[in-house]
1. Taking amide H positions as placed 1.01 Å from N in the peptide plane, with prolines and chain starts having none, which residues 5 or more places from Met191, or on another chain, fall under 5 Å of its amide H?
2. Please work out whether the range 137-186 counts as rounded, prolate or oblate from its C-alpha gyration tensor, where a ≥ b ≥ c are the square roots of the eigenvalues and a/c under 1.5 means rounded, while otherwise a/b larger than b/c means prolate and anything else oblate?
3. Could you work out, for the range 210-298, what percent of all Cα-Cα pairs fall into each 5 Å distance bin, beginning at 0 Å and stopping at the bin that holds the largest distance?
4. Given springs between every Cα pair under 10 Å in a Gaussian network model of the chain, which of Gln296, Gln109, Gln17 has the largest fluctuation?
5. Whole Å is fine, so just give me how far the alpha carbon centre of the range 40-81 lies from that of the range 213-259.
6. For Lys210, project a label point 7 Å along Cα to C-beta. Then give me every residue of the range 171-188 with its amide nitrogen under 18 Å of that point.
7. Using the Cα centre as the reference, give the magnitude of the dipole from point charges on the C-beta atoms of the range 31-303 (Lys, Arg: +1; Asp, Glu: -1; all else neutral), rounded to the nearest 20 debye.
8. Only helical DSSP H runs with n ≥ 4 go in: add -39500 (n - 2.57) per run for the chain, normalise by residue count and round the 222 nm mean residue ellipticity to 500 deg cm²/dmol.
Amino acid sequence: MRSLLAILSVTWLATAQTPPAKSDGQYAGGIFSIPLSDVPKYAAKTKMGRATEAKSGGAKTSGSGPYPAKGAMDTSIPNHTVYAPIAKPNITMPIIVWDNGGCGTDPTQFGNFLTEVASHGYVISAVGKAGGLGRQSKVQDNRDSIEWALKGSAAKYGEVDTTKLIAAGQSCGGLSAYSTSYHDPRVKLLMLFNVGIFDDAKRYLIKEIKTPIGYFLGGVTDFGAPGAEKDYVELPAGVPAWKGNLDTGHGGTYSATNGGKMGIAAVDFLQWQMRGDANSKAKMLDPKTAGSLVSQNWKVEFKNWT
Ligand SMILES: *[C@@H]1O[C@H](CO)[C@@H](O)[C@H](O)[C@H]1NC(C)=O
Ligand SMILES: *[C@@H]1O[C@H](CO)[C@@H](O)[C@H](O)[C@H]1NC(C)=O
């Protein structure tokens, strides 16, 4: 009897919530996303107000890291902009696949932030180009970046480690990162900025996320944060997750000089995850460490990391 019930309940679950085979979905951002026309509905549920840490419009630099970087088009990966160190660095670089807010196709609005990350020794293939492509991004654009890196094309920027592959993005671009990692073990780390699943009816998909993840959120005035709070709780048991909120609202600090505090947090997370940097790890996890994220006004929670 008990086993019959178990079979029935498994069957019911499978019928009610069969995850799709492909992650491309109907909308930009893939199966984890929503139509753009639904955004106001979620924005209206969120407290609006001035975010004390919001920053924009900073100077353009080549990043604060040891390997001055820039973004440029690269004919070997059409429809993308590659942010990478200007000179080949003396370290092996992970690869980041980046998708933009609104699943837009002009990554230059994130240029300060992406240049900052690249200056620490990362190759980033961002969807789109200055001025945009006249369309939204597709999950396939991110897969194109992955395949470009895996076939060795990123090597012109220096030594790369294609086993260290990160999918990242802001807002719709973060949902696109979820969709990019979906059932794709090539992706080793996820970084979602100002976003989680909006539509509660799609939250069952979080059970398909097996990749360690960082959520970088903008606090109570960030309309992308409530979904991420729920995702964080619902992740499958054992998935390592870090979640921080800084009072920036949905817009973050990406266009501030060197990407502002979002830039600092992203670099520490990456240096910890990809290079095992003990100081960066302590800044992410230990509020008592000098320069910890908590001391920079982040509200931090994490699980399955020690
Ligand atoms: C690697 O290059 C950076 C930046 O030029 C430099 O600071 C560092 O000392 C170099 N490391 C080694 C081991 O050569
Ligand atoms: C680049 O994007 C444009 C605009 O959507 C599209 O027509 C073209 O096929 C894309 N090129 C590649 C190589 O994907």
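The values are calculated or read from the model by the stated rules, or taken from the named source; none is laboratory data. What you are looking at is a predicted structure, and each value in this text was computed from that prediction instead of being measured. Cβ atoms come from the backbone with ideal geometry, glycine included; neighbour counts cover every protein chain shown. Protein only, heavy atoms only, side chains kept; ligands, DNA and RNA dropped before computing areas. Shrake-Rupley method; radii C 1.70, N 1.55, O 1.52, S 1.80 Å.
1. Sorted by chain and number, the residues that satisfy this are Ala167, Ala168, Gly169, Gly214.
2. On the way: a/c = 2.09, a/b = 1.89, b/c = 1.11.
Judged from the Cα gyration tensor, the range 137-186 comes out prolate (a/c at least 1.5, a/b above b/c).
3. 3, 14, 22, 24, 22, 12, 2, 0
4. In this elastic network of the chain, the residue with the biggest mean-square fluctuation among Gln296, Gln109, Gln17 is Gln17.
5. A separation of 15 Å, based on Cα centres.
6. Taking a point 7 Å out along Cα→Cβ of Lys210, the residues of the range 171-188 whose backbone N falls under 18 Å are 178-188.
7. Values: 30 positive and 24 negative charges, 33 e Å.
That gives the range 31-303 a dipole magnitude of about 160 debye.
8. -8500 deg cm²/dmol
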